[in-house]
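All remarks here apply to the structure that follows.
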Amino acid sequence: MTQILSFDAEDEYNAFITICREAEYGEGPLAGRGVAVKDNISTAGIQTTAGSRILEGYIPPYDAHVVGLLKSAGAAIVGKTNMDEFGMGTSTENSGFGPTTNPCDTNRVPGGSSGGSAAAVASGMVDLALGTDTGGSIRCPASYCGIVGLKPTYGRISRYGLIAYSNSLEQIGPMGQTVSDVSGLMEVISAYDFHDSTSYNAPYTHTPNAAAVEGLKIGVPAEYFGVGVDPAVAEAVRTAIGRLESLGAEAVPCTIPSMAYALAAYYVTCTSEASSNLSRFDGVRFGPESGRKKMWHDEFRGIRGEKFGREVQQRIMLGTFALSAGYYGKYYAKAQIARANVRADFERVLSEVDVICGPTMPAVAFAFGEKSDPLSMYLADILTVPANLAGVPAISVPCGTVDSMPVGLQIIGRHFEDELVVDTAFAYEQGGN
Amino acid sequence: MTEPENQVIIGLEIHCQLNTKTKLFCGCSNDYQNDEPNTHCCPVCLGLPGALPRLNKKAVESALKVCKALNLEILEECEFSRKNYFYPDLPKGYQVTMYDKPLGERGHLLVEDDEGHEKTIRITRIHLEEDPGRLVHKTGRDRAGYSLVDYNRSCVPLIEIVTEPDLRSPKEARRFLNKLRATLEYLDVFDGEREGSIRVDANISLKGHSRVECKNISSYKGVEKALNFEVTRQKNMLRRGAEIVMETRHFQEGKGITTSSRSKEKESDYRYFPEPDLRPLRVRDWVDTIELPELPDARRERFVKQYGISLNHARTLTGDIRVANFYEQVAGDQSVLCATLVSDTLLGELNYRSMKIADVPRDHFVDLMQLLAAGTITDRVGVDLLREFLDGSLEGATMARPSEIVTKRGLTKAGDDEFAEIMIRVIDANPQAVSDYQSGNAGAVNFLVGQVMKETRGRADPITLGALLKAQLEERET
């Protein structure tokens, strides 16, 4: 039987683009629980913009696979959360609908691109949210806002209905106050979907188990504590790893040399795919129309120039360039080689250790406008991007504070061992109590 | 073999719609021909944000059948790529196609050249891709021209077949297409009668000169027309001392001409890259398990052996699977007569009326064949009766069977005595022709034969009649 959840929380951090004050729900493990859904995940009947003005007013006629699963689990979808336009950003400053602020300190960014989902959870508006992670977009805001966020193994969650930014890198994933909440949400959204040819039938049915940490071998890569990482953050994370050791784990040093090329490989791959993915936004079938009658190519150019934000236009141009004749071999093809190397490095290290631990972000949340040039912003992704290139699962769990701002411990595991990643995070979380 | 100066050189790129039940990447029905625009659409084929392609296994199987039938080598790994370009009929802003890893490469198909010798046309590659939507251009009286988009066609599976430049005349190109069409129809992967099911780009050059690409040809006849036009145009240019420019030209079906693409089309950069939403295909083992049906060449050989008919008749009959099936269903114990009747008469009469073999009233045809086989009627009466029931069928009338008509109208072949009297009457009535014949003009007898045929309404056999008339005239002379 359908019931209604009245959702009256005040949105003081601009966490939502669309709020559903009267949210329907049914029976199931999540019956009556409000879940916030990132605005790049299609929801039938609810505006879905991916943070872009080019999709303003677009109401999908269908539900993303994960949204269907949420509904069958009884969840109430209370709104669509703010994000960097199409997921392109690390701060949620690039939203077409204004930035989201960090509930821990409103002068600081909440991280991105799933900043709205993180702020909605951190502020207590909801205790569960869906985010998407292309190069850290779940883990970064989870870390900055002091919540838990999991990027599942690539292929474990159907992407059907997720407005594509970079298809080969991104995954939908759960965000929540606690590891248990995140694990429970993961269980709901991981049911197999034949619509996504890149997904596998590997449902997650797991209850977090702190005992799994006993005898666990943890790799601690030098590159995660090197140049560019705030020493105070590094210290907090080393302390966290110490706690896991005290719970029975063994930490060993390791190296991931290919990380030197990870950021470049990531940005070439994601901008290339994005330049193609975003071609469909032409004003013909959805989104606002300019209303002026022109030749079609003038019309396309006009609406894209007007409605796409600056960062999006920048990335489309970068990707278009990288795929151009004469440059493909230099950029896209090389990026795929670098990517294969990163994957091989992770597989090698993870054949020797069970999980890899390090900071989620090199520093705590920065202030609005602090990273005004794109390159310094891109550099903030250095520790999250490798897991997307390798396709392995990674979680961020809060591990103390620096300057009163939360720090995230990142735990990375083997392909399809999301369970062990969750268990390790759970052991850490419980070990502090 | 050395080729003459100005030898025509042609290569084709052929796009054929596969006749699968559903589209290439979604579950929408592929059978949209008679339906309203935009009624066979879903998030996937409309390119809605978030929708993902899911490959139709049947379409891959169909394409692999074609690869196997045309003797292609299947690649170890095949991969879909995105071809990026903007156009209002392309909902995603890219077409999912295959680029550097097609399904198969290096195949061939045998066709007859202009001298009737069998020759090998090499196939460069075959790949699978999605059709874009369709633009319908409107020019209103009360408003400026505008275009409508119909996405019913979007995502329909296409195979693209690329040949080497092995064709040497427009006629040969047409024969190649006919053979290809027959082969695809034998494989049951294609319906050549469906409107818009084939689209051809033709590359044509005169040996030693630049190549011209003719795009937008959407019929079998059109290909030959466009190529003939180009051969004439290019030869005329050379005759005038002008050089042929390498360019893309559009074929205008209605006018039968090609025109230079007005837009200053630069070499487009489609920015191909592997489609990240689909996984690569490994299909070699699968291809080995696919069994092919009997193909046109094999069926032709069988017809010659099994039915004792001529190679030419066998070729004509097996050139279209519908005709071959019709023949085998109706021939009975009259295989030779039936082959002649279908190849030499029926097909021409159908073509004249734009009718299909399926429109032939089968019982009437068999009845007619039996009348001819028994010698009950002459060939000429036979043709008249055939025309009569084809016309009737076209008008949807209920028609009496040929044998009933023959009885009713008394069209039975006349016996010798029956027209002896008519013959004498005709000879008596045409003294001029008789004297012409007697003064050595042997052809005059044909006039007399015609007169007798007229009197007997075609029921007499003209050859027998000629002999009898001659005998009669000779008798008179003496």
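Structure notes:
- Footprinting exposure proxy ranking of B:Thr318, A:Thr2, A:Thr81, B:Thr22, fewest other C-beta atoms within 10 angstrom first, gives A:Thr2, B:Thr22, B:Thr318, A:Thr81.
- Virtual spin-label span in nm between B:Thr289 and A:Asn209, 7 Å along Cα→Cβ: 3.7
- Other-chain or far-sequence residues with amide H under 5 Å of A:Ala76's (modelled H): A:Gly32, A:Arg33, A:Gly34, A:Val35
- In order through segment A:29-36: 3J(HN,Hα) via Karplus (6.51 cos²θ - 1.76 cosθ + 1.60), integer Hz, x for Gly, Pro: x, 10, 3, x, 8, x, 10, 8
- Largest GNM mean-square fluctuation across A:Gly34, A:Gly131, A:Gly287, computed for chain A with C-alpha springs under 10 Å, falls on A:Gly287.
- When peptides A:171-178, B:447-454, A:67-74 are ranked by their average number of other Cβ atoms within 10 Å per residue, the highest-first order is A:171-178, A:67-74, B:447-454.
- Within the shell defined by Cβ-Cβ distances under 14 Å, the residues around B:Pro91 carry a net charge of +3, with Lys and Arg each +1 and Asp and Glu each -1.
- Distance between the C-alpha centres of segment A:273-340 and segment B:59-84: 29 Å, rounded to the whole angstrom.
- Projected-area average for segment B:8-289 over all orientations - Cα convex hull basis, square nanometres: 16.8
- Sorting A:Ile4, B:Ile204, B:Ile9 from the fewest to the most surrounding beta carbons within 10 angstrom yields A:Ile4, B:Ile9, B:Ile204.
- Annotation for segment B:286-322 versus segment A:147-180: alpha-carbon center distance of 56 Å.
- With contacts taken as Cα pairs under 8 Å at a separation of at least 6 residues, segment B:416-477 carries a relative contact order of 31 percent.
- For segment B:416-477, the convex hull spanned by the alpha carbon atoms encloses 70 Å³ per residue.
- Annotation: Cα Rg of segment A:276-372 relative to the compact-globule expectation 2.2 N^0.38 Å equals 1.63.
- Helical segments meeting 18 Å axial Cα length and Kyte-Doolittle -1.0 threshold in chain A (DSSP H): A:231-246, A:259-277, A:310-323, A:332-352, A:418-431
- The protein assembly as shown: Rg to Rh, with Rh as the Kirkwood radius over Cα pairs: 1.15
- Using alpha carbons only: equivalent-ellipsoid semi-axes of chain B, gyration tensor based, whole Å: 54, 27, 23
- Here is the P(r) of segment A:297-433: all C-alpha pair distances, binned every 10 Å from 0, give 10, 27, 29, 23, 9, 2, 0 in whole percents.
- As a size descriptor, the averaged projected area of the C-alpha convex hull of segment B:237-354 was calculated at 15.8 nm².
- Residues A:Ser143, B:Ser261, A:Ser123, A:Ser276, ranked from the fewest to the most other C-beta atoms within 10 Å, line up as B:Ser261, A:Ser123, A:Ser276, A:Ser143.
- If you plug the beta carbon distance of A:Ser404 and A:Lys294 into 1/(1 + (r/R0)^6) with R0 = 60 Å, you get a FRET efficiency near 0.65.
- Gyration tensor verdict on segment B:343-429 (Cα atoms; rounded if a/c is under 1.5, prolate if a/b is larger than b/c, oblate otherwise): prolate
- Degrees between helix B:462-477 axis and first principal axis of chain B (Cα, 0 to 90, nearest 10): 30
- In terms of overall dimensions, the C-alpha atoms belonging to segment B:296-409 reach 43, 30, 20 Å along their principal axes, ordered largest to smallest.
- Rounded to the nearest whole Hz, the Karplus-based 3J(HN,Hα) values (6.51 cos²θ - 1.76 cosθ + 1.60, θ = phi - 60°) of segment B:37-52 follow the sequence x, 6, 10, 10, 9, 8, x, 5, 7, 8, x, 5, x, x, 6, 10, with x at glycine and proline.
- Ellipticity estimate at 222 nm from DSSP helix runs (n ≥ 4, -39,500 (n - 2.57)) divided over the protein assembly as shown, nearest 500: -11000 deg cm²/dmol
- Nearest-ten-degree value, helix B:57-69 long axis tilted from longest Cα axis of chain B: 60
- The C-alpha atoms of segment B:1-112 occupy a region whose extents along the principal axes are 56, 32, 30 Å, arranged from largest to smallest.
- Legend: P(r) of segment B:291-354 from all alpha carbon pair distances, 5 Å bins from 0, whole percents, reading 4, 19, 32, 26, 12, 6, 2, 0.
- Contact order relative to length of segment B:125-167, as percent, for alpha carbon pairs under 8 angstrom and 6 or more apart: 50
- Label separation (B:Asp344 vs B:Arg476): 3.2 nm, computed from points 7 Å beyond Cα along the C-beta direction.
- Förster radius 51 Å - calculated FRET efficiency between B:Phe447 and B:Asp359 (Cβ-Cβ, nearest 0.05): 0.85
- Charged neighbours of B:Glu3, selected by a Cβ distance under 9 Å, balance to +1 (K, R count +1; D, E count -1).
- Mean Cα-pair separation over length for chain B, i.e. relative contact order, pairs under 8 Å, 6 or more apart, %: 14
- Global form of chain A, assessed from the alpha-carbon gyration tensor, a/c cut-off 1.5: oblate
- Taking a sphere under 15 Å around the Cβ of A:Thr271 and counting the other residues whose Cβ falls inside, with K and R at +1 and D and E at -1, yields a net charge of +1.
The numbers here are math on the coordinates, done by the rules we state, and not lab data. Given the structure is predicted, the values throughout are model-derived calculations rather than measurements. Here the Cβ is made from the backbone with ideal geometry for all residues, glycine too, and neighbour counts use every protein chain on show.
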